[in-house]
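Novice: Sharing a structure here in structure tokens format.
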Amino acid sequence: MKNRKEQLDDGLTADWLRDMGITVRMFNTADDKLLQAQKTAHTLLTQHTNLLTTDQIQILQAFTKRMKSKNTRSKLKPNHAYPILNIATKINRLLYKQYKQLGI
């Protein structure tokens, strides 16, 4: 039996995971690299779409779609996360160049 604080903490954790584009079931079953790629893909699609090409957007959307389904998520291996993380690295480089030009 959980006490009140544990229930509140579980709710806050579930809210944070949902904000990152991850469900609790996904968190319990998926590999660490896949979860990192899911979080990164969600962030790129919600905050940096102006820096993404149409091909990159399609790759990110396809990955998030595969991660939502339990059957396809179980077939994904950690090396499926690397294209997503490579896209994130490219976008981070672009962001750094933009910040550098602004003098920040």
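Novice: Restricting the search to segment 2-43, which residues are open to solvent by less than 60 Å² (accessible area, probe 1.4 Å), of a type outside the set (Val, Ile, Thr) and in contact (Cβ under 8 Å) with a residue 24 or more places away in the chain?
Specialist: Answer for segment 2-43, where residues must be open to solvent by less than 60 Å² (accessible area, probe 1.4 Å), of a type outside the set (Val, Ile, Thr) and in contact (Cβ under 8 Å) with a residue 24 or more places away in the chain: GLY21, MET26, ALA30, LEU34, ALA37, GLN38, ALA41.
Novice: On the basis of being surrounded by 13 or more Cβ atoms within 10 Å (Cβ to Cβ), out of contact with any strand residue (DSSP E or B) (no Cβ under 6 Å at 6 or more places or on another chain) and over 21 Å from LEU17 (Cα atoms), does ILE84 make the cut?
Specialist: no
Novice: Looking at THR54, THR46, which is the one that is closer than 23 Å to TRP16 by Cα and either open to solvent by 90 Å² or more (accessible area, probe 1.4 Å) or of a type outside the set (Phe, Trp, Tyr) (or both)?
Specialist: THR46 is the lone residue from the list that is closer than 23 Å to TRP16 by Cα and either open to solvent by 90 Å² or more (accessible area, probe 1.4 Å) or of a type outside the set (Phe, Trp, Tyr) (or both).
Novice: Any chance you could count how many residues in segment 14-56 are within 16 Å of LEU85 (Cβ to Cβ), part of a helix (DSSP H, G or I) and hydrophobic (A, V, I, L, M, F, W, C)?
Specialist: The total comes to 7.
Novice: Still on this model: Just need a number here: residues in segment 77-104 that are within 19 Å of ILE57 (Cα to Cα) and either basic (Lys, Arg) or outside any helix (DSSP H, G or I) (or both).
Specialist: The number of residues fulfilling the criteria is 2.
The values are calculated or read from the model by the stated rules, or taken from the named source; none is laboratory data. Just so you know, these numbers come straight off a predicted model, no measurement behind them. Virtual Cβ from ideal backbone geometry, glycine too; neighbours counted across all protein chains shown. Calculation scope for accessible area: heavy atoms of the full protein, side chains included, ligands and nucleic acids excluded. Shrake-Rupley method; radii C 1.70, N 1.55, O 1.52, S 1.80 Å.
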